[in-house]
Amino acid sequence: MITGTRDVVDPEPVLRRELGGLPPQVRFVAFEGVGHFSPIETPTEVAAAIVTFLAMLDL
């Protein structure tokens, strides 16, 4: 799950609470100072988080 700490549509604390029961391989990444459109606001950081997550998977 990728979000921003300034996301007012899906706030980080709400997401963490509502998605707390997800499988252990799910990762939660919150970018400081970023809003709801994290892929647009910080595309490089979002891409790096996705690459890091995919590298963890045994595909």
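How high is the relative contact order of region 1-47, given as a whole-number percent (alpha carbon pairs under 8 Å, six or more residues apart)?
It rounds to 51 percent for region 1-47.
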Count the net charge of all other residues whose Cβ sits under 9 Å from the Cβ of residue 4, scoring Lys and Arg as +1 and Asp and Glu as -1. -3
Cα gyration tensor category, rounded, prolate or oblate, for the chain with a/c compared to 1.5: oblate
Accessible surface, 1.4 Å probe, highest first, among residues 18, 45, 12, 32: 32, 18, 45, 12
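Grab the DSSP H runs of the chain that are 4 residues or longer, score each as -39,500 (n - 2.57), total them, divide by all residues and round the 222 nm result to the nearest 500 deg cm²/dmol.
Details: 3 runs with 25 residues, N = 59.
Helices in the chain give a 222 nm mean residue ellipticity of -11500 deg cm²/dmol.
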How much accessible area does residue 51 have with a 1.4 Å probe, in Å² rounded to the nearest 10? 100 Å²
Hey, any idea what % of the chain's accessible area is carbon plus sulfur with a 1.4 Å probe? 62 percent
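Where Lys and Arg each count +1 and Asp and Glu each count -1, what net charge lies around residue 35 among other residues with Cβ under 9 Å from its Cβ?
Numbers: positive: 6; negative: 7, 41.
Residues near residue 35 contribute -1 overall.
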Sequence-distant or interchain residues sharing an amide H contact under 5 Å with residue 2, placed H: which? 29
Using the heavy atoms of the protein chains alone and a 1.4 angstrom probe, what is the accessible area of the chain per residue in square angstrom? 73 Å²
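The values are calculated or read from the model by the stated rules, or taken from the named source; none is laboratory data. Note that the structure is predicted; figures quoted are calculated from it, not measured. Here Cβ is always computed from backbone atoms with ideal geometry, including for glycine, and neighbour counts include all displayed protein chains. Areas reflect the complete protein model, heavy atoms only, side chains present, ligands, DNA and RNA absent. Shrake-Rupley method; radii C 1.70, N 1.55, O 1.52, S 1.80 Å.
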